[in-house]
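A quick write-up on the structure given underneath.
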Amino acid sequence: MKRVHTAQQVPCPECDNPATKVTCVENKLGRRYRYRRCQSCDHKFKTSQSMTKKDATENIVPYLELIHLRRQELLRGGGHSKLTPNDVRAIRAIWEKTTFKDQDLAYRIGRQFEVEERAIDNIIKGKSWVFVQ
């Protein structure tokens, strides 16, 4: 079987070096995305190519690090979390307004937001939801 869509040589947008390496490929909605790394300046970028056209060119598209993609998912309410960023802000506000901060308060906040006491502790101590201000 002949491969129709092969990776084209795409020069690095930073240093214009043609020596780039494809590190990962994913197919989504009729497009093939290739994650690339420049071998001279170590710049990471992403290209997109249509899988429906035979001689489709590859275009450079915005690249997000995996951690940014995960944060975007959480901010949109995806993932496995029951909490949203607004819930986290509300939890921190309740914690700051209260005079007596103890495990009982964490338990009551957890019941209010339908999460475990441990989740509230992690939010307050800065172990989770660090990127929410």
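The values are calculated or read from the model by the stated rules, or taken from the named source; none is laboratory data. As the structure is a prediction and not an experimental result, all values here were calculated from the model. Every residue, glycine among them, receives a Cβ derived from its backbone with ideal geometry; neighbour counts consider all protein chains shown.
Scan segment 62-88 for residues that are loosely packed, with under 14 Cβ neighbours inside 10 Å and either modelled with pLDDT of 85 or more or under 21 Å from V25 (Cα atoms) (or both) and jot them down.
So the first thing to find is which residues in segment 62-88 are loosely packed, with under 14 Cβ neighbours inside 10 Å, and the list is 62, 64-69, 72-73, 75-80, 82, 86.
Within segment 62-88, P62, L64, E65, L66, I67, H68, L69, Q72, E73, N86 meet the criteria.
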Discussion item. Filter segment 89-133 down to the residues that are surrounded by 12 or more Cβ atoms within 10 Å (Cβ to Cβ) and on the phi > 0 side of the Ramachandran plot and list them by number.
Written reply: W129
Discussion item. What's the total number of residues in segment 89-103 that are at pLDDT below 90 and among the charged types (D, E, K, R)?
Written reply: 2
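Filter segment 26-58 down to the residues that are in a loop (DSSP other than H, G, I, E, B) and either in contact (Cβ under 8 Å) with a residue 40 or more places away in the chain or basic (K, R) (or both), then identify the one that is nearest to D16 (Cα to Cα).
Step one: of segment 26-58, the residues in a loop (DSSP other than H, G, I, E, B) are 29-30, 39-43, 51-58.
The next check asks that each one be either in contact (Cβ under 8 Å) with a residue 40 or more places away in the chain or basic (K, R) (or both); those that pass are 51, 53-54, 56-58.
Values: M51: 26, K53: 26, K54: 26, A56: 21, T57: 17, E58: 15 Å.
Step by step, filter segment 26-58, then rank; the result is E58.
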